[in-house]
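Chemist: First the structure, which I've put down as structure tokens, then a few questions once you've had a look.
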Amino acid sequence: MFGDLEQFSGSDQGGSEAMTEAAREAFREQQRAAGQQLKALQKGEQKKKKKEDKLAKIITALLQKKSKRSDLAMAAAEVLALNIPPTFVLSAILLGDQDSQKELSMTVIEDDKGLASEIQLNPGDIITLSGNDLSYMMTDDEVQTVNLHNELVPWVQMMYVQAKNDPLRMLQNARTEEDNDTQPVLIELMILTQRYFLEDRGLLLPSENLKTLSAIIMRKIFEKIQANIDRLQRLREVEFLGDVPPSNVSDESTAQQ
């Protein structure tokens, strides 16, 4: 009987040791995965800072070219102080400046080669402006109005592209805490951008028109981000973590797309 007991005890002890070793190996694997994720996150943060420093210099250079428009420079600085992505701030002041728009796009593509396809929008990512929306920027000259709209629509789309690349930061910082409305200084920046865009073409429209149009554009951008937040945030985490699977993002959101 005692022999049987010893045999049972020995067998149990061996199994316990085997389980302990398995648990240790699992723990070591978790540590390795966590270390890889931390390194990828740190690399992503460094990459983000490098890109934003570069973009801040582009903004500074652009505003220096338009140094007479100090109110635009001040508004841009105030928006940046809200911790709104510099790529978005830059895109917001590029209406009618196709060369700078191209420079911004190339900066994003060069710094995020793996995500360059994100510049190409999915059908569900298109911001649609209705005829009523566009009516806030129109003149008595039909051809002139069409030309204005042909520059306005890509400008809105570019702002959305930059906003959706850092979705949570936009939703948290570009809206007021009280009513989730657009930050007033951001609306002011867009008004100034549109005013100078029109001024360069010898045109003038009521500020109320530009304010209403700015509010419409930002509302549409926020709504589009909110509707796609799971997918956009997943892409954002992939940008930071690369091939390391984010532990806090489930595959369910991907499967739902």
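Chemist: What nm value, rounded to one decimal, do you get for the distance between residue 135 and residue 180 when each label is placed 7 Å out toward the C-beta?
Modeler: 2.8 nm
Chemist: Could you size up the charge dipole of region 143-218 around its Cα centre, putting +1 on the beta carbon of Lys and Arg and -1 on that of Asp and Glu, and report it in debye to the nearest 20?
Modeler: In debye, rounded to 20, region 143-218 gives about 240.
Chemist: Please compute the length gained on full extension between residue 30 and residue 157, using 0.36 nm multiplied by the number of residues separating them and subtracting their Cα-Cα distance.
Modeler: 41.6 nm is the gain from fully extending residue 30 to residue 157.
Chemist: Now, a different point. Got a number for the accessible area of residue 171? Probe 1.4 Å, square angstrom, nearest 10.
Modeler: Counting only protein heavy atoms, the figure is 20 Å².
Chemist: R0 = 22 Å: FRET efficiency of residue 77 with residue 149, Cβ-based, nearest 0.05? Don't jump to the answer; show the numbers that get you there.
Modeler: Numbers: r = 30 Å, r/R0 = 1.35.
So, using R0 = 22 Å, E works out to roughly 0.15.
The values are calculated or read from the model by the stated rules, or taken from the named source; none is laboratory data. Since the structure is predicted, the reported quantities are computational estimates derived from the model, not experimental observations. So basically every Cβ, Gly included, is an ideal-geometry build from the backbone, and we count neighbours across all protein chains shown. For accessibility, only protein heavy atoms count, side chains too; no ligands or nucleic acids. Shrake-Rupley method; radii C 1.70, N 1.55, O 1.52, S 1.80 Å.
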